[in-house]
Amino acid sequence: MNPAVLTNVFHIYLWVMIGIAVIVFVALYFVDAGYGMFTSNKWGKAINNKLAWFLMEFPIFAAMLVIWLLSPHRFDTVPLVFLLIFEIHYFQRSIVFPWIMKGKNSKMPLGIMFMGIAFNILNAMMQGYWIFFESYNCNYSFNGLSYSDTAWLCSPQFIVGVLIFAAGFYINLRSDYIIRHLRKSDEDTGHYLPSGFMFEYVTSANYFGELLEWLGFAILTWSMSGLVFFIWTFANLVPRANSLYKRYRSEFPEEVERKRLKRVFPFIY
């Protein structure tokens with residue numbers, strides 16, 4: 001197919017994804033996604049939470065590797081660095097995170113899992129195709145630099161983006177550690193208000209970290225596809241953080257009020 005036609009199709013795809021993200025953002029303020037604290041049988045039969053997380057997150061890790069292998073630019077330094085940064089998150093999220101969670105009786109509905117799989121595959125198409133194919137097809141460059149130029153790794157947008165991504169990754173990991181250790185054993189399925197670190201400012205510090213990660217990734221790649229992923233992350237996690245905040249406020253009203261906790265953005269929301 002003509003590269004110009006592919007470029008047009010790809011950009012239509014990105015705009016469609018933005019449109020769907022807006023719908024999801026609005027919908028999630030009225031419907032709680034049925035996993036974790038809000039697990040519900042209305043989303044279908046539930047399976048073991050650890051297995052569901054692995055099956056949901058591993059496809060994007062694998063799909064990005066497949067796209068990389070299929071690309072004639074797979075050994076260009078800049079795209080390879082982008083891939084490694086992206087895969088660091090999803091290695092932790094699919095290979096490590098599911099198996100260290102506590103709560104062996106926790107479950108996730110199949111409906112939620114399959115929706116997660118679908119988005120992850122679509123997202124791999126967005127990020128992988130842009131990085132390894134489309135950016136070359138359309139001769140993309142920013143401030144005179146393209147992904148084929150290793151000088152990109154010394155550019156302001158890359159340095160700032162990596163710092164934001166790294167900060168978000170650290171916040172996400174440490175917040176997950178705090179949440180994981182709220183439960184005393186695998187048999188414990190109770191809910192607790194996290195405290196310490198960024199949880200002194202927001203009730204969903206782990207989401208704040210993940211938002212920073214993908215904001216950083218959008219900046220370091222300086223790509224429309226990266227921006228679309230950040231928009232999707234925002235559309236999914238901010239309403240979720242609002243639902244969690246309301247639950248925490250109903251269960252732990254005195255502590256939430258005393259700390260003046262926000263939902264996901266410290267001092268803001």
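Could you list, ordered by first residue, the pairs with Cβ atoms under 8 Å in which the first is in region 75-103 and part of a loop (DSSP other than H, G, I, E, B) and the second is small (Gly, Ala, Ser) and surrounded by fewer than 19 Cβ atoms within 10 Å (Cβ to Cβ), at least 6 apart or interchain?
If the second residue must be small (Gly, Ala, Ser) and surrounded by fewer than 19 Cβ atoms within 10 Å (Cβ to Cβ), the pairs left are ASP76/SER148; LYS102/SER185.
Per-residue answers, yes or no, for (1) part of a helix (DSSP H, G or I); (2) touching a helix residue (DSSP H, G or I) at 6+ places or on another chain (Cβ under 7 Å):
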{"residue": "TYR177", "(1), (2)": "yes, no"}
{"residue": "LEU182", "(1), (2)": "no, no"}
{"residue": "GLU213", "(1), (2)": "yes, yes"}
{"residue": "ILE231", "(1), (2)": "yes, yes"}
{"residue": "PHE234", "(1), (2)": "yes, yes"}
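Just one of SER243, SER225, SER195 is over 14 Å from the mean Cα position of the chain (by Cα), among the hydroxyl-bearing types (Ser, Thr, Tyr) and in a helix (DSSP H, G or I); which is it? So that I can check it myself, show each step before the final result.
Numbers: SER225 fails: over 14 Å from the mean Cα position of the chain (by Cα); SER195 fails: in a helix (DSSP H, G or I).
After ruling out the rest, the residue left standing is SER243.
So if I check each of GLY128, GLY161, which one is touching a Gly at 6+ places or on another chain (Cβ under 7 Å) and assigned to a helix (DSSP H, G or I)?
On the way: GLY128 fails: touching a Gly at 6+ places or on another chain (Cβ under 7 Å).
Being touching a Gly at 6+ places or on another chain (Cβ under 7 Å) and assigned to a helix (DSSP H, G or I) holds for just one of GLY128, GLY161, which is GLY161.
Would you please name the residue that is modelled with the highest pLDDT, looking only at residues in region 9-57 that are closer than 20 Å to ARG93 by Cβ and hydroxyl-bearing (Ser, Thr, Tyr)?
Per the stated criteria, the residue is TYR35.
Suppose we filter region 150-188 for residues that are surrounded by 13 or more Cβ atoms within 10 Å (Cβ to Cβ), β-branched (Val, Ile, Thr) and in contact with a Ser or Thr (Cβ under 9 Å, 6 or more places away or on another chain); how many remain?
1
Hey, any hits in region 125-134 for a residue that's modelled with pLDDT of 95 or more, hydroxyl-bearing (Ser, Thr, Tyr) and either on the phi > 0 side of the Ramachandran plot or within 23 Å of the chain's Cα centre (by Cα) (or both)?
The answer is yes; a qualifying residue exists.
Could you go through region 142-154 and let me know if any residue there is part of a helix (DSSP H, G or I) and modelled with pLDDT under 95. Lay out the reasoning, then the answer.
As a first pass, look at region 142-154 and keep what is part of a helix (DSSP H, G or I): 150-154.
This time we only want the ones that are modelled with pLDDT under 95, so: none.
Taking every residue of region 142-154 in turn, none turns out to be part of a helix (DSSP H, G or I) and modelled with pLDDT under 95.
In region 213-228, which residues are surrounded by fewer than 22 Cβ atoms within 10 Å (Cβ to Cβ) and either of a type in the set (Ser, Thr, Tyr) or in contact (Cβ under 8 Å) with a residue 40 or more places away in the chain (or both)? Can you show your working first?
Keep residues of region 213-228 that are surrounded by fewer than 22 Cβ atoms within 10 Å (Cβ to Cβ), which gives 215, 222, 224, 227.
Selection gives LEU215, TRP222, MET224.
Give me a count of the residues in region 246-269 that are in a loop (DSSP other than H, G, I, E, B) and in contact with a helix residue (DSSP H, G or I) (Cβ under 9 Å, 6 or more places away or on another chain). It would help to see each step written out before you state the result.
Narrowing region 246-269 to residues in a loop (DSSP other than H, G, I, E, B): 252, 260-261, 263-269.
In the following step, the residues that additionally are in contact with a helix residue (DSSP H, G or I) (Cβ under 9 Å, 6 or more places away or on another chain) were identified as 261, 263-266, 269.
The number of residues fulfilling the criteria is 6.
The values are calculated or read from the model by the stated rules, or taken from the named source; none is laboratory data. Remember, it's a predicted structure, so these values are computed and weren't measured experimentally. Cβ coordinates were reconstructed from backbone atoms using ideal geometry, including for glycine residues, and neighbour counts include every protein chain displayed.
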